[in-house]
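Notes follow once the structure below has been shown.
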Amino acid sequence: MRVADRIGKLPPYFFAKLGRRIRELKAEGRDIILLDIGSPDLPPPDFVIEEMYRSVQDPDRHGYGGYYGTPELRKAVATYYQTRFQVRLDPEKQVAILIGSKEGIANVALAFVDPGQTVLVPDPGYPTYGMGTLLAGGVPVNVPLLAENGFLPDLEAIPAEVARSAKILWLNYPNNPTGAVAPLEFFSRVVDFAKRYDLLVCHDNPYCDVTFDGYVAPSFLQVPGALDVGLEFNSLSKTYNMAGWRVGMAVGNATAVEALSRTKTNIDSGIFLPIQDAASVALTGDQTWLEVRNQIYQERRDCILETLKQIGIEASTPVASLYIWAKVPEGYDSGGFATRLLEQAGISITPGSAFGPHGEGYMRISLGMSTQRIHEAMERLEQFVY
Ligand SMILES: Cc1ncc(COP(=O)(O)O)c(C=O)c1O
């Protein structure tokens, strides 16, 4: 059987491959601590689960979920953006409901990228920006994120002809995998850059409410002119511990929202209504519990950083995101170190190279695992000889 050429260009999704090796080790009786994938271990708050429970018992909530999401959920997204970022959105024209943001991140390329066109993607970065581009027949062009620039892209270093021929510029702050954050001043420069080169800016913001040490993450849409050029992807996965529920949104420029929605309506048929009902309640209900949850992540972060320091591994202290981005020790590449850690210590982390060539030399450690298991992993790490 011959699969399409475009599939030939796609590597298997990294975490799917890693998962297979972990299953083999577990089958051999090994206890593996998973600090690789960014899936929150904690549940959503009770009031969200109760709304799901109430809605699922309603016989009228079992049909198709509607192509554009329920009006209530679109309104809830607009209310959340107004309250959280003071960004005013028209729920009819500037909000698209997604089956998790990953779905929209991949589909936006079908809406904007013709075969052979280029897309600027951060390196290291969340792999779906580039994979969605490839699926649409486009060509991802890596934009390096370097430690010396605070893991922000150096816009002026992008050659004018490269910027001019690109369709989309992808950004993601708070950043996966580096944990870096971006100031509003940077977003203003991005708006100017996008206007100069006629680019759609896709800002991916799923970690905006996973923050520590009092840091408050902005929305790209807060800066003047952003709505002219920008689409922001967001998600309930990390903010509300709802990764498995599959619900997210794309908000911003009305033309971009319409193009993405038109693409989606031809591919999917919406989200299960009780999930949309629970998502509406999550976005508009009490948000104070997030502080307690973030405090838990912050304690895990500090525990991991303490151990890394003790064993001589260099890492910066993230004020947001679910990750610690640490240097792999001298003498290893990131894949080799990750394999050794998995096989010898039973700790699974993500090698930086999984996020692009500029991720080489780093590893990503996730905070989405129970505090007790993180303590156990740190005890193993203290004994680990590298
Ligand atoms: C930067 C980034 N964007 C998007 C996603 C996808 O999130 P969702 O669960 O909304 O599809 C992730 C998930 O890890 C992510 O790290």
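Holding the Cα-Cα limit at 21 Å, pick out from LYS17/LYS102; LYS102/LYS167; LYS9/LYS264 the pairs that are longer than that.
Working: LYS17/LYS102 18 Å; LYS102/LYS167 19 Å; LYS9/LYS264 23 Å.
From LYS17/LYS102; LYS102/LYS167; LYS9/LYS264, over 21 Å: LYS9/LYS264.
For the range 303-386, what's the relative contact order in percent, using C-alpha pairs closer than 8 Å and at least 6 residues apart?
Relative contact order for the range 303-386 comes out at 30 percent.
Taking every alpha-carbon pair under 8 Å whose residues sit at least 6 apart, the chain reaches a relative contact order of 25 percent. DSSP beta bridges fully contained in the chain are about 50 percent antiparallel. Scanning the chain for GluC sites (Glu not before Pro) lying in DSSP loops with no more than 13 further Cβ atoms inside 10 Å, the longest uninterrupted stretch between such sites is 93-313. Any idea which of HIS203, PRO329, VAL139 is furthest toward the positive side of the dipole for the chain, if Lys and Arg beta-carbons carry +1 and Asp and Glu beta-carbons -1? The residue sitting most towards the positive pole is VAL139. Here is how the number arises for the chain: DSSP H runs of 4 or more residues each give -39500 (n - 2.57), the sum is divided by the residue count, and the result at 222 nm is -12000 deg cm²/dmol.
Between the alpha-carbon centres of the range 18-55 and the range 116-168 there is a gap of 31 Å. Select from THR79, THR307, THR350 the residue whose mean-square fluctuation is largest in a Gaussian network model of the chain (Cα-Cα springs shorter than 10 Å). In this elastic network of the chain, the residue with the biggest mean-square fluctuation among THR79, THR307, THR350 is THR307. For a straight C-alpha distance cut-off of 23 angstrom, the lysines reachable from LYS309 (same-chain residues fewer than eight places away being disregarded) are LYS327. Rounded to 0.05, the FRET efficiency of the VAL292 and VAL56 pair, given R0 = 35 Å and the Cβ-Cβ distance, is 0.85. Taking R0 as 56 Å, what FRET efficiency do you get between GLN310 and ASP192 from their Cβ-Cβ distance, rounded to the nearest 0.05? Efficiency computed from Cβ-Cβ geometry: 0.80. As a rough footprinting exposure proxy, the listed residues THR70, THR284 were ranked by other beta carbons within 10 Å of their own, and the order from fewest upward is THR284, THR70.
Take every Cα pair under 8 Å in the range 100-169 that's 6+ residues apart, average their separations, divide by the length, and report that relative contact order as a whole percent.
Value for the range 100-169: 36 percent.
How many angstrom lie between the C-alpha centres of the range 1-16 and the range 204-238? Cα centroid to Cα centroid, the span is 31 Å.
With the charge dipole of the chain set up from +1 on Lys and Arg Cβ and -1 on Asp and Glu Cβ about the Cα centre, the Cα lying farthest toward the positive end among the listed residues TYR67, PHE355, ALA377 is that of TYR67.
Read-outs: derived from the displayed coordinates by stated rules, not from any lab. Owing to the predicted nature of the structure, the values given are computational and were not obtained by experimental measurement. Using ideal geometry, Cβ is built from the backbone for each residue, glycine included, and neighbour counts are taken over all protein chains shown.
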